[in-house]
Amino acid sequence: MMNYKGGVGKTTLSANIAADIADRGNKVLLIDLDPQANLTLSFVSIEDWKNLDRQERTIKHWYDQYLDYEHNTSLRELAITPSRVNAKIKQNGNGGRLDMICSHLELVEVDMELSSKLGGHTDRAIRKNYFNVLSRLRFKLDEIKGEYDVVLIDCPPNFNLITQNAIVASDCYIVPAKTDYLSTLGINTLLKHVDTLTKKYNQHLNVKQHRDIPPISPQILGIVFTMVSYHGGVPISAQREYISQIERSGLPYFNNSLRENKTLFASAPEAGIPVVMNHGNTQQEQIRRETQALVDEVLAAIKE
């Protein structure tokens with residue numbers, strides 16, 4: 001889940017998609033790579049998060065191991081099962097579960113430190129270091145992804161090394177976008193950067209020691225329009241224009257979107273249960289149905 005632009009509803013979208021997929025009886029792993037840690041705090045209380053920090057069980061501490069000792073423990077040791085959302089999932093009796101690997105506010109410093117690992121005195125050393133840094137998450141995720149039906153990674157709003165780690169580790173990606181000029185402006189650039197990264201990374205697989213490693217091919221599943229305001233059952237005219245621009249561009253997008261509702265979405269993190277899992281008044285039921293319809297589209301796109 002990524003976009004260069006922050007404030008596009010990426011965290012809200014990640015939380016609701018992951019929770020609904022788990023609620024349908026799937027094992028889901030959420031990985032929060034955004035230093036703002038908003039996704040983490042959508043499921044985990046601040047006190048529990050502080051405890052995880054003291055126990056060194058965040059993704060920041062996992063990268064610290066590599067920076068300090070050139071190795072990482074299993075991601076399995078970082079995964080937690082947030083109690084409030086999983087109690088709700090358990091009520092359905094479908095056997096689903098949502099696990100999470102939490103972020104840390106100092107992850108932004110890790111991103112800068114990782115760049116220091118890219119150098120080398122020879123071309124061979126530079127190639128080796130590039131491959132090792134970019135492959136950290138991929139190889140460790142390969143060890144545990146058989147335990148999950150879906151792994152969803154929430155990326156920071158940039159294209160730094162942490163985001164590149166996520167792309168290398170992913171089969172596909174979703175781009176959340178508000179229907180405004182700034183949010184849609186950089187989407188083509190983002191796709192070009194993903195393509196460039198893919199080609200550069202795969203070139204490193206041509207050397208003898210890496211020939212048994214399959215190439216990566218992350219595909220865009222689609223753009224999800226977020227914070228959409230409706231009038232008369234359709235998006236307001238200003239937003240329709242940006243939706244039309246995406247349609248004309250030929251980029252893939254999802255027919256269902258995330259409706260604007262600051263009241264419902266803003267209060268959900270404190271409860272630790274995303275909006276899509278709660279029944280309520282007519283407005284809340286409408287958002288729940290629309291989000292579930294979006295998840296239907298996402299799952300169908302993944303299967304393709």
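The values are calculated or read from the model by the stated rules, or taken from the named source; none is laboratory data. For clarity, every value in this text was computed on a predicted model and none was experimentally measured. In this analysis, Cβ positions are derived from the backbone assuming ideal geometry, glycine residues included, and neighbour counts consider all displayed protein chains.
If I filter region 215-235 for residues that are closer than 22 Å to Leu137 by Cα and among the aromatic types (Phe, Trp, Tyr), do I get at least one hit?
Looking for residues that are closer than 22 Å to Leu137 by Cα and among the aromatic types (Phe, Trp, Tyr), one finds none in region 215-235, hence no.
Take region 266-285 and flag every residue that is modelled with pLDDT under 80 and either exposed (fewer than 15 other Cβ atoms within 10 Å of the Cβ) or of a type in the set (A, V, I, L, M) (or both).
Ala266, Ser267, Ala268, Glu270, Ala271, His279, Gly280, Asn281, Thr282, Gln283
When you go through (1) among the hydrophobic types (A, V, I, L, M, F, W, C); (2) at pLDDT 85 or above; (3) surrounded by 19 or more Cβ atoms within 10 Å (Cβ to Cβ); (4) part of a helix (DSSP H, G or I) one by one for Val224, which number turns out not to apply?
Only one criterion in (1) among the hydrophobic types (A, V, I, L, M, F, W, C); (2) at pLDDT 85 or above; (3) surrounded by 19 or more Cβ atoms within 10 Å (Cβ to Cβ); (4) part of a helix (DSSP H, G or I) is unmet by Val224, namely (4).
Identify, please: which residue in region 65-79 is modelled with pLDDT of 95 or more and surrounded by 18 or more Cβ atoms within 10 Å (Cβ to Cβ) and is, among those, farthest from Val133 (Cα to Cα)?
Ala79
Going by the structure shown, is His121 of a type outside the set (Phe, Trp, Tyr), part of a loop (DSSP other than H, G, I, E, B) and at pLDDT 95 or above?
no
Could you tell me whether any residue of region 98-108 is in contact with a helix residue (DSSP H, G or I) (Cβ under 6 Å, 6 or more places away or on another chain) and more than 22 Å from Thr163 (Cβ to Cβ)?
yes
Can you go through Val168, Val133 and tell me which one is closer than 17 Å to Leu205 by Cβ, in contact with a Ser or Thr (Cβ under 7 Å, 6 or more places away or on another chain) and hydrophobic (A, V, I, L, M, F, W, C)?
Just a single option satisfies the conditions, and that option is Val168.
If you go through region 87-119 one residue at a time, how many are of a type outside the set (D, E, K, R) and free of Cβ contacts under 8 Å to residues at least 60 places away in the same chain?
10
What number of residues within region 192-213 are touching a helix residue (DSSP H, G or I) at 6+ places or on another chain (Cβ under 8 Å) and not in a helix (DSSP H, G or I)?
Number of matching residues: 3.
How many of the residues in region 168-207 are touching a strand residue (DSSP E or B) at 6+ places or on another chain (Cβ under 8 Å) and among the acidic types (Asp, Glu)?
The qualifying residues number 1.
Which number in (1) at negative phi; (2) at pLDDT 95 or above; (3) out of contact with any helix residue (DSSP H, G or I) (no Cβ under 6 Å at 6 or more places or on another chain) marks the one condition that Gly25 misses?
So Gly25 meets the others, but not (1).
Every residue, every condition in (1) modelled with pLDDT of 95 or more; (2) surrounded by 19 or more Cβ atoms within 10 Å (Cβ to Cβ), yes or no:
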| site | (1), (2) |
| --- | --- |
| Val8 | no, yes |
| Ile17 | yes, yes |
| Leu30 | yes, yes |
| Asp48 | yes, no |
| Lys60 | yes, yes |
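Residues Asp142, Asp111: which one is surrounded by 19 or more Cβ atoms within 10 Å (Cβ to Cβ) and among the acidic types (Asp, Glu)?
Asp111
What's the total number of residues in region 28-58 that are closer than 27 Å to Asp149 by Cβ and touching a His at 6+ places or on another chain (Cβ under 7 Å)?
2
When region 125-167 is examined, which residues are found to be assigned to a loop (DSSP other than H, G, I, E, B), out of contact with any His (no Cβ under 7 Å at 6 or more places or on another chain) and of a type outside the set (D, E, K, R)?
Ser135, Tyr148, Cys155, Pro156, Pro157, Asn158, Asn160
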